[in-house]
Amino acid sequence: MGVIQKAKETQTFVEECWVELQKVTWPDADQLRSATIVVIIFTIIISAIIWLMDLTASWLIRLIMGLFGA
């Protein structure tokens, strides 16, 4: 495949991408703010769950190791 053919394919790809981007409905400021808040809250909740699971696992491992004198 020649360089000219690759250049034409690249140009076609970029043009098709541009056409698709024109079809996108971009969120307004309120939608963006709401989505950002949801993501932040979700991240905090998941982080808290993982932290609690880590604390529980750590406590359980220390308990088991303590039973065997380690």
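The values are calculated or read from the model by the stated rules, or taken from the named source; none is laboratory data. The model shown is predicted, which means the values in this text are computed figures rather than measured ones. We place every Cβ from the backbone using ideal geometry, glycine too, and count neighbours over all the protein chains shown.
So which residues in segment 3-36 are assigned to a helix (DSSP H, G or I) and of a type in the set (Phe, Trp, Tyr)?
Matches in segment 3-36: Phe13, Trp18.
Quick check: anything in segment 44-65 free of Cβ contacts under 8 Å to residues at least 24 places away in the same chain and in contact with a helix residue (DSSP H, G or I) (Cβ under 9 Å, 6 or more places away or on another chain)?
For segment 44-65, residues free of Cβ contacts under 8 Å to residues at least 24 places away in the same chain and in contact with a helix residue (DSSP H, G or I) (Cβ under 9 Å, 6 or more places away or on another chain): absent.
Looking at (1) at pLDDT 95 or above; (2) within 21 Å of the chain's Cα centre (by Cα), which one does Trp18 not meet, given that it meets all the others?
(2)
Can you tell which of Ala7, Ala48, Ala57 is among the hydrophobic types (A, V, I, L, M, F, W, C) and within 19 Å of the chain's Cα centre (by Cα)?
Only one candidate passes the filter, namely Ala48.
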